[in-house]
Amino acid sequence: MERYSRQVLFDGIGEEGQRRLRESRALVVGCGALGSAQAEMLARAGIGRLRIVDRDFVEESNLQRQTMFTERDARERVPKAVAAGRRVAEINSDVECETEVADVSQSNVERLIEGCDVVLDGTDNFATRFLLNDACVKHGVAWVYGAAVGSYGVTMTVRPRVTPCLRCVFAEVPAAASAPTCDTAGVIMPIISVVAAVQVAESLKLLAGRAESLHGGLLQFDVWRNEWRRIAIKERAPDCATCVLGRFETLEAESGDMTTVLCGRDAVQVSPRRASRIDLEALAGRLRAAGEVKVNPYLVRLRAGEYELTVFEDARAIVRGTDDVGLARSLYARYVGT
Amino acid sequence: MQIRLNGETKEVADGTTLQRLVEQLSLAPDRLAVELNCEVIRRTDWPRVTLFEGDRVEIVHFVGGG
């Protein structure tokens, strides 16, 4: 296996680790910037089977940091999962790559993680991460949280019922429309590379049977402010709703993160389940970076390319320019934040 | 008194609780993990935990992008 010779030479992997990698299946959830980097590293490392799921299509503004995609993919608006699948086949034809163009929700998440040895977080919103946490803890699948905005990123590895889960650390899903996103605050590729690299290293340790080498904490990096720190997170929360009490509220149909309603031609209403009053002026301030913004005491309206998002004080939004529910949810996550 | 916040010295009033510190920093509490002297403190305990001279506080932000 000349192809993997340098990796096999490395003590942490070895022949045995390489064999285990070839027999493993990983799921990359969300194939944007983090997901692109994860999929490429896993394919090059010789993972046996790779499942990639994403709800979006490639746009020109992705190319600065999303390494799976080309100008041609953006011109042709190829779904990201499809473009990533093609690229993986070019990188390593031994990898069995399954791709799915889908919005990950409570209706499909358990099917998507089935048969996977590790799940890598490449999503762009809080709500899907809590959904992944619930599904992975319920089915005992390890997953690696990772996220980045601006020059800052954070990552944590969850081994269900062995290490703390996401809800042990953050008991509540943060309210919608409360945080900056990559589409409002920007993001640079170096922080993506750092976070994805740690996520993949953790996955390789898990798959190669070297869990003792996991970092065991919550790592944060800021490649612009030059800060690197780790909080050791050893103990699971004694009252964790998910990994101790076994309540998986995001998996229940009635309590999914969002409701969506088609409203006429070319418009979808997106409403977060956890209703909250939002600060429209603050949201308008963040959105000005993303397009033309109008604000009045009742709503904020953003024009971004061919879409128009109207966000109301109760965090509900009408997305005009599409009747695709998945796309509407995606635009909401990108601009308003969930 | 002085504490160490994310590796830097910070002056805070005597009797400051973790809750007060987070409020003073204008941080959104639902997106933070707070560690005091190498131990993670749950959000529900922040109002009850008072800081002392030389305490080491680490605050990690949970972000959503990707």
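The values are calculated or read from the model by the stated rules, or taken from the named source; none is laboratory data. Predicted model, so just to flag it, every value in this text is computed and none were measured. Cβ atoms come from the backbone with ideal geometry, glycine included; neighbour counts cover every protein chain shown. Note: areas computed on protein heavy atoms with side chains; ligands, DNA, RNA excluded. Shrake-Rupley method; radii C 1.70, N 1.55, O 1.52, S 1.80 Å.
Taken over region A:179-195, the residue count meeting the criterion of being facing chain B (nearest Cβ under 9 Å) and either open to solvent by 40 Å² or more (accessible area, probe 1.4 Å) or without any contact (Cβ under 8 Å) to a residue 60 or more places away in the chain (or both) is 3. Looking at A:V268, A:V198, just one residue is within 14 Å of another protein chain (Cβ to nearest Cβ), surrounded by 13 or more Cβ atoms within 10 Å (Cβ to Cβ) and outside any loop (DSSP other than H, G, I, E, B), and that residue is A:V198. One residue stands out among those in region A:294-306 that are under 18 Å from A:A176 (Cβ atoms) and either modelled with pLDDT of 85 or more or not in a loop (DSSP other than H, G, I, E, B) (or both): the one that is most open to solvent (accessible area, probe 1.4 Å), which is A:R301.
Here A:V78 fulfils each of the conditions (1) touching a residue at least 24 places away in the same chain (Cβ under 8 Å); (2) open to solvent by less than 40 Å² (accessible area, probe 1.4 Å) apart from (1). Among the residues making up region A:18-38, those that are in a strand (DSSP E or B) and either facing chain B (nearest Cβ under 10 Å) or among the β-branched types (V, I, T) (or both) are A:V28, A:V29. Taking the listed residues A:V144, A:V88, A:V95, the one that is out of contact with any Gly (no Cβ under 8 Å at 6 or more places or on another chain), farther than 17 Å from A:L218 by Cα and β-branched (V, I, T) is A:V88, with no other qualifying. Residues that are facing another protein chain (nearest Cβ under 9 Å), open to solvent by 10 Å² or more (accessible area, probe 1.4 Å), under 26 Å from A:A142 (Cβ atoms) and of a type in the set (A, V, I, L, M) within region A:154-178 comprise A:V169, A:A171, A:V173, listed in sequence order. Residue under question is A:G32, and the condition is that it be crowded, with 20+ Cβ neighbours inside 10 Å and out of contact with any strand residue (DSSP E or B) (no Cβ under 6 Å at 6 or more places or on another chain); does it hold? It is true that A:G32 is crowded, with 20+ Cβ neighbours inside 10 Å and out of contact with any strand residue (DSSP E or B) (no Cβ under 6 Å at 6 or more places or on another chain). Can you tell me which residue in region A:201-226 is nearest to the other protein chains (Cβ to nearest Cβ), limited to those that are polar (S, T, N, Q) and more than 22 Å from the chain's Cα centre (by Cα)? The extreme case among them is A:N226.
For A:S330, are the conditions met, namely being within 14 Å of another protein chain (Cβ to nearest Cβ), in a helix (DSSP H, G or I) and touching a residue at least 24 places away in the same chain (Cβ under 8 Å)? So A:S330 passes the test.
Checked against the criterion of being of a type in the set (D, E, K, R), without any contact (Cβ under 8 Å) to a residue 40 or more places away in the chain and part of a helix (DSSP H, G or I), the candidates A:R167, A:R111 yield just one match: A:R111. Determine whether region B:40-55 contains at least one residue that is in a strand (DSSP E or B), closer than 20 Å to A:Q220 by Cα and within 9 Å of chain A (Cβ to nearest Cβ). Yes, region B:40-55 contains at least one residue that is in a strand (DSSP E or B), closer than 20 Å to A:Q220 by Cα and within 9 Å of chain A (Cβ to nearest Cβ). Here A:R229 meets the list (1) among the basic types (K, R); (2) farther than 20 Å from A:V137 by Cβ; (3) open to solvent by 50 Å² or more (accessible area, probe 1.4 Å); (4) within 13 Å of chain B (Cβ to nearest Cβ) almost entirely, failing just condition (3).
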